[in-house]
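Quick notes on the structure that follows.
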Amino acid sequence: MQDISRAIESIRQRLGSRLCIMGHHYENDAIVEHCDVTGDSLELARRIPSIDAEFIVFCGVSFMGESAALLASPSQKVLLPEPAADCQMARMAAAADARRVLEQMRALGLDVLPLAYVNTDVPLKSVVGEFGGSVCTSANARTMMEWAFNAAERVLFIPDMHLGRNTARQLGIPEDEWHILKLGADGIANPSAQPLERKLLLWPGYCPVHAAYTPAHIEAARRTWPGCRVTVHPEASPEVTALCDAAGSTSFLIKDAEARARNGVKETLVVGTEINLVHRLAKRCQDACSIVPLVDGEAAACPDMAMVTPEKLLASLESIEAGTWKAVVLNEADREPAALSLTRMLKICG
């Protein structure tokens with residue numbers, strides 16, 4: 001592994017300013033140590049326009065590399081060390097299905113605006129942009145949902161039903177104004193039997209890692225570490241987040257842990273999110289507080305993020321030097337409306 005690390009750093013030095021390696025917080029330390037820029041989805045999206053490098057190697061899942069390609073300049077090339085690293089949640093919402101549902105709602109005379117979590121592919125972002133909607137991240141979901149409700153009577157939140165419901169709770173939208181859609185092969189299943197007039201309509205998608213947390217996990221943590229502080233990502237269900245001391249985006253969880261570590265109080269902080277980040281926080285804050293995962297081991301790891309390995313990162317860098325690189329290629333018909341859905345978010349959130 002050390003030989004691979006040295007080889008990566010050697011190529012980084014030779015390529016210099018021509019190269020920028022970006023990585024999501026959920027990647028493991030063997031990847032993060034080589035990144036010029038790390039962050040959550042919002043931070044990474046914000047950074048793309050300011051990067052001048054000819055090659056952007058994006059260590060993350062496919063939708064992140066696609067978003068980078070949407071925001072990069074035409075002269076830049078975005079590479080994914082593992083193009084097959086997908087997102088299980090993103091696969092739960094296909095563009096054709098979203099279009100069908102939106103068309104059905106409009107045919108029923110329903111004023112609805114799509115708001116898509118950034119964990120979606122470019123074709124779906126394109127549909128969202130075409131229908132006047134935007135994307136959001138877990139860090140700005142509240143701001144973007146407020147924007148959506150100012151623009152339309154109803155919002156269709158795609159694809160994470162848990163983030164959608166947690167955000168609705170923050171906004172004070174009562175549960176009788178939510179509805180998780182029942183979908184079939186032809187779009188909305190039996191539309192007349194569903195309360196489609198409700199304020200917030202939710203796509204039935206979820207993150208398998210965060211959705212696996214249960215109230216029993218919270219209760220077990222509080223028994224094991226009496227007086228502990230429990231924080232969790234809002235991709236967990238509302239039944240879980242309601243039992244936590246705080247819920248927030250990846251960047252929130254990092255800032256919260258670092259703030260608790262700085263306060264000088266020896267405490268146990270239980271964090272519910274992807275395991276690579278929790279372990280990294282535990283090492284970073286170990287002299288000040290004890291950070292433990294709500295769920296440990298393989299069950300708390302994103303299998304797609306794990307597909308990005310140092311060997312694959314090295315192969316990407318070697319392909320740049322050899323001139324055999326393969327950049328992310330977008331469907332040109334999708335590019336403009338998909339980019340619009342992203343830039344709307346960046347413009348609104350600054």
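The values are calculated or read from the model by the stated rules, or taken from the named source; none is laboratory data. Every value quoted in this text rests on a predicted model; they were computed, and no experiment measured them. No Cβ is skipped: glycine too gets one built from the backbone with ideal geometry, and neighbour counts run over all protein chains shown.
A few remarks follow.
- Candidates are the residues of region 113-154 that are of a type in the set (D, E, K, R) and under 19 Å from residue 67 (Cα atoms); the one that is surrounded by the most Cβ atoms within 10 Å (Cβ to Cβ) is 125.
- When 338, 246 are checked against the criterion of being buried (at least 22 other Cβ atoms within 10 Å of the Cβ) and either among the small types (Gly, Ala, Ser) or under 24 Å from the mean Cα position of the chain (by Cα) (or both), a single residue qualifies: 338.
- Among (1) at pLDDT below 95; (2) over 22 Å from residue 315 (Cβ atoms); (3) within 16 Å of the chain's Cα centre (by Cα); (4) crowded, with 18+ Cβ neighbours inside 10 Å, the one test that residue 89 misses: (1)
- Enumeration of residues in region 276-299 that are closer than 14 Å to residue 210 by Cβ, in contact with a strand residue (DSSP E or B) (Cβ under 6 Å, 6 or more places away or on another chain) and in a helix (DSSP H, G or I): 278
- Scope region 249-266; condition surrounded by 17 or more Cβ atoms within 10 Å (Cβ to Cβ) and touching a helix residue (DSSP H, G or I) at 6+ places or on another chain (Cβ under 9 Å); matching residues: 249, 250, 251, 253, 254, 257, 261
- Number of residues in region 192-213 that are farther than 30 Å from residue 304 by Cβ and either at pLDDT below 95 or small (Gly, Ala, Ser) (or both) equals 2.
- Within region 229-243, the set of residues being assigned to a strand (DSSP E or B) and touching a residue at least 60 places away in the same chain (Cβ under 8 Å) comprises 230, 232.
- The lone criterion from (1) surrounded by 16 or more Cβ atoms within 10 Å (Cβ to Cβ); (2) in contact with a helix residue (DSSP H, G or I) (Cβ under 6 Å, 6 or more places away or on another chain) left unmet by residue 204 is number (1).
Residue-by-condition table, conditions (1) aliphatic (A, V, I, L, M); (2) touching a helix residue (DSSP H, G or I) at 6+ places or on another chain (Cβ under 8 Å); (3) over 24 Å from residue 342 (Cα atoms):
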| position | (1), (2), (3) |
| --- | --- |
| 152 | yes, no, no |
| 167 | no, yes, no |
| 184 | no, no, yes |
| 190 | no, no, yes |
| 211 | yes, yes, yes |
| 222 | no, no, yes |
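- Region 258-275 - residue that is β-branched (Val, Ile, Thr) and outside any helix (DSSP H, G or I) and, of those, farthest from residue 38 (Cα to Cα): 265
Yes/no per residue for (1) among the basic types (Lys, Arg); (2) closer than 23 Å to residue 131 by Cβ:
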site	(1), (2)
154	yes, yes
165	yes, yes
181	no, yes
185	no, yes
209	no, no
225	no, no
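- Every residue from region 250-267 that is β-branched (Val, Ile, Thr) and over 24 Å from the mean Cα position of the chain (by Cα): 265
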